[in-house]
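Comments concern the structure below.
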2 protein chains.
Amino acid sequence: MIDQSHSPIHAAVEQFVREELSQENAHIAGAVWSMLDAGGKQLRPRITMLAGRAAAQSSPEDPVLASYMELIHVATLIHDDVLDNAGTRRGRQSTNRAYGNRFSVLAGDYLFSWVFKKITIGYAPPVPTILAAMLAEICNGEVKQLRAAGDLAMTPERYLEIIGKKTAELFGSCAEVGAINALLQAGKPSGPALRAETEVLALREFGRLFGLAFQIRDDLYDATASEAQLGKPAGSDLREKKMTLPLIYALADGGAGARERVERLFAYDDPSDECAQNALGAVVEMLRDRAVVERTTHAVQRYAGEALRALAPLPQSAARDELAGLARSLSAFSS
Amino acid sequence: MIDQSHSPIHAAVEQFVREELSQENAHIAGAVWSMLDAGGKQLRPRITMLAGRAAAQSSPEDPVLASYMELIHVATLIHDDVLDNAGTRRGRQSTNRAYGNRFSVLAGDYLFSWVFKKITIGYAPPVPTILAAMLAEICNGEVKQLRAAGDLAMTPERYLEIIGKKTAELFGSCAEVGAINALLQAGKPSGPALRAETEVLALREFGRLFGLAFQIRDDLYDATASEAQLGKPAGSDLREKKMTLPLIYALADGGAGARERVERLFAYDDPSDECAQNALGAVVEMLRDRAVVERTTHAVQRYAGEALRALAPLPQSAARDELAGLARSLSAFSS
C-alpha cells in the first residue's frame, strides 16, 4: 500500500473540499468529506499533478484540477456503493448505508455535475470533453461488467476490455488532463490538437497501463488479503459474481472441479447464508493457489513494466521518476 | 394533457436517439428508447426550440440541442425511479423494475456524461456551464425534498424553493440555452455575457415560471386524477411522504383532524399494507376537497400568468405565441 495520507496533495484535496464544497451543499459535502477523511491512496490526484510537472516542468502545480479528479473518483465510488449495496468502503460504513440509497444517488449526481460546472468554467478545450467522455466510458465498462457477472466463459481479453474502461480510463485521463493543463499554462493554444502532443500521448498511455496493473492487483488482493488490509471483507468480488483475472485463471487451471465450486457459489442468492459462506471459502482458496497468484502477479508486473516504458519519450525529471516509482511499487508488491 | 406524440420535435428526438445513441451503447439506448417510446409530453425540447425561434427568428432550428434537453430529463427520471423504487412510470414498467437498480444508476450516469460530451464538443460557452450548473441545482432540490419528506411543518415558501430547483430549473435552462444557441447562430459572440441579453433573461424567466406552474399542477393531479390519466397509481407522492402544495394547504385548512390523518399515513413503513391503503385513501380525499383544489389551482394560474407576462419583452412572433399557448394550457386545466 502506498501511504499518501500526509502528502501536500492530500492536504490540498481536503482543504479544497472543506472550503469550496461545504458552502454550496453541506449535506452532500458531509458525505464526500467522510469518504475523503476515511483515507484512500489519493493516487489519482497524485498522478494528475505529477503528469503536469512531467509534461511542462516550468508550469505551476494545479492541486485544484487534481482535487476534481479525486472528486470524480469519489462520485463513482458513491454510485458503486449503491450498485453493489456494499456494507463497508475504505474500512468505514459506505455512503449508502450511512445515508440511504436515495441520498447516495443524488450525492453522486451532485458531485459529477458540480465538478463539470467548475471544469467548464476553469479549463479550456479539450479538458471538459475528455472528462465527460471519460465518465461515459467508465459507465460503459461498469455496464459490461454487470452484464458479464457470473459468466464463466469470460476471457482475459474481455476482462482487460472491461477494466480498461472502468478503471484504466480514469487513470489515463488523470495523466492526460494533468499534462494538457500544464501545456496550456506553458502557453500552448487550446484545442483538440493538444491530445496528440508527444508528452500527452505518453502520459495518457502511462496512466492507462498503470490503471490496468492497479486493477489486476486490486482483484488479486480481494481474494488474498485479509479483511484488515482490505478495509472490507475478503472475497467481495466473488459475492458480486465479478469475473476477475485470478478467477478466470483459476477456472482455466482447475478443470471441472473448479467450475463446479464456482457454479455452486454463484447459485446462492443470499451470500450471508452459511452454506454460501462455505462455498465462498472454497473458491477463495482456489484463488489463493500458488499458480494462480503467480500468474496474476505476472500480469500485474507486465502492465506495470509497460507503464514504465511508456514514460520513455518524456524528458528526464523528478516527476517522471516519481511516476516510475508508483509503477514500480505496484509491480514489487507481494501478496 | 398536451399531446405532442406526433409533432416533428417528437420525431426528431426519436430519430436522434435511434441513430446516434444506439451505436455507442445498445443496452443503455434500449432503456432510454423504451422511456421515450412510452410517450411523455416532450415539453422540454419543445420549449428549447420555441425559445430559440422566439429569441432569433432567422436562426435555424436545432432539434439536436432540444433532444439533449429531453435526454437529460430522461436521465433524471431513470435516477428518480431508482430513488423512489417506483413500480411504474409513464404507464409502463420503470427502468429499475425492467432492468434492475444497478443498471439504472449506470444508465442514468452514462446518459448524463454522454450528453455533456456532445454539449462540450458542439456548443460554445456558456451553454456547457449552464447545463452542468442546472444539474447540480436539480440534485440540490432533490436532496432538499428528500430531507423534507414527512415534515408537516413544511411551508409554501420552502415548497416553492424545492420545486424551483428540482423542476423549474430544467425548464428555465431549456428556454435559456435554446435562446442563447439561437443568438450564437445569429452571430453573437460566445461567453457568459449572453446570459444577460434581454431575450435570454425573459425566456429563462418564462421557463422558470412555467416550471413552477407545471409542477404544482402535477402535484395536484397526483391526488385528483385517476390511475389511467396518471399512468401510475394516484397518491404516489403521499406514499413517498412528499410535502406537496395541496397537502400543505390541506394541513393548513384541516386543523388537528387533518394532521392526525397525515401522521397516521406517514407512520406506515409498508405502503402496500391494507391499513396503510385506508389511511392513504383518507388523505387523498382531503386533497380532493374543493377548497384545497381551488387554492392549488389558483397557484397554478398565478405562475402560468406570470410566465405569460415574462414574455412581454420579446418581439411578436409565432414562437412567442406558441409559448404563451403552452402557459395558457396549464392555467386552463380542470381537475
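The values are calculated or read from the model by the stated rules, or taken from the named source; none is laboratory data. Just so we're clear, the structure is a prediction, and the values are computed from it rather than from any experiment. Note that each Cβ is placed from the backbone with ideal geometry, even for glycine, and that neighbours are counted across all protein chains shown.
Considering the stretch A:302-318 alone, what residues qualify as being of a type in the set (A, V, I, L, M) and under 21 Å from the mean Cα position of the chain (by Cα)? If the condition is that a residue be of a type in the set (A, V, I, L, M) and under 21 Å from the mean Cα position of the chain (by Cα), then A:Ala304, A:Ala307, A:Leu308, A:Ala310, A:Leu311 are the ones that fit.
The residue of the stretch A:271-288 that is modelled with the lowest pLDDT, among those that are more than 15 Å from A:Thr224 (Cβ to Cβ) and part of a loop (DSSP other than H, G, I, E, B), is A:Pro271.
Residues in the stretch B:302-323 that are surrounded by fewer than 18 Cβ atoms within 10 Å (Cβ to Cβ) and part of a helix (DSSP H, G or I): B:Arg302, B:Gly305, B:Glu306, B:Arg309, B:Ala318, B:Asp321, B:Glu322. If the condition is being modelled with pLDDT of 90 or more and over 15 Å from the mean Cα position of the chain (by Cα), then the stretch B:21-60 contributes B:Met49, B:Leu50, B:Ala51, B:Gly52, B:Arg53, B:Ala54, B:Ala55, B:Ala56, B:Gln57, B:Ser58, B:Ser59, B:Pro60. Considering the stretch B:75-99 alone, what residues qualify as being among the β-branched types (Val, Ile, Thr) and either under 25 Å from A:Leu131 (Cβ atoms) or at pLDDT 90 or above (or both)? Scanning the stretch B:75-99 gives B:Thr76, B:Ile78, B:Val82.
Report yes if A:Ala279 is surrounded by 15 or more Cβ atoms within 10 Å (Cβ to Cβ) and in contact (Cβ under 8 Å) with a residue 24 or more places away in the chain, otherwise no. The answer is no for A:Ala279.
What are the residues in the stretch B:243-278 that are over 18 Å from B:Thr297 (Cβ atoms), touching a helix residue (DSSP H, G or I) at 6+ places or on another chain (Cβ under 7 Å) and polar (S, T, N, Q), if any? The answer is none; no residue qualifies.
Inspection of the stretch A:149-159 finds no residue satisfying the criterion of being part of a helix (DSSP H, G or I), surrounded by fewer than 20 Cβ atoms within 10 Å (Cβ to Cβ), modelled with pLDDT under 95 and more than 9 Å from chain B (Cβ to nearest Cβ). All conditions but one from (1) small (Gly, Ala, Ser); (2) surrounded by 24 or more Cβ atoms within 10 Å (Cβ to Cβ); (3) modelled with pLDDT of 95 or more; (4) more than 14 Å from the chain's Cα centre (by Cα) apply to A:Gly207; the one that does not is (4).
How many of the residues making up the stretch B:221-270 are hydrophobic (A, V, I, L, M, F, W, C), outside any helix (DSSP H, G or I) and surrounded by fewer than 18 Cβ atoms within 10 Å (Cβ to Cβ)?
The initial filter retains those residues of the stretch B:221-270 that are hydrophobic (A, V, I, L, M, F, W, C), namely B:223, B:225, B:228, B:230, B:234, B:238, B:243, B:245, B:247-248, B:250-252, B:256, B:258, B:262, B:265-267.
When the remaining residues are screened for being outside any helix (DSSP H, G or I), the result is B:225, B:234, B:243, B:267.
If we keep only those that are surrounded by fewer than 18 Cβ atoms within 10 Å (Cβ to Cβ) as well, we get B:225, B:267.
Qualifying residue count, the stretch B:221-270: 2.
Scanning the stretch B:100-118 for residues being surrounded by fewer than 24 Cβ atoms within 10 Å (Cβ to Cβ) and either modelled with pLDDT of 90 or more or within 7 Å of chain A (Cβ to nearest Cβ) (or both) gives a total of 6.
Would it be correct to say that A:Ala175 is away from chain B (no Cβ under 14 Å), surrounded by fewer than 21 Cβ atoms within 10 Å (Cβ to Cβ) and of a type in the set (Gly, Ala, Ser)? Quick ask: steps written out before the conclusion?
On the way: away from chain B (no Cβ under 14 Å): yes; surrounded by fewer than 21 Cβ atoms within 10 Å (Cβ to Cβ): no; of a type in the set (Gly, Ala, Ser): yes.
Criteria not met by A:Ala175.
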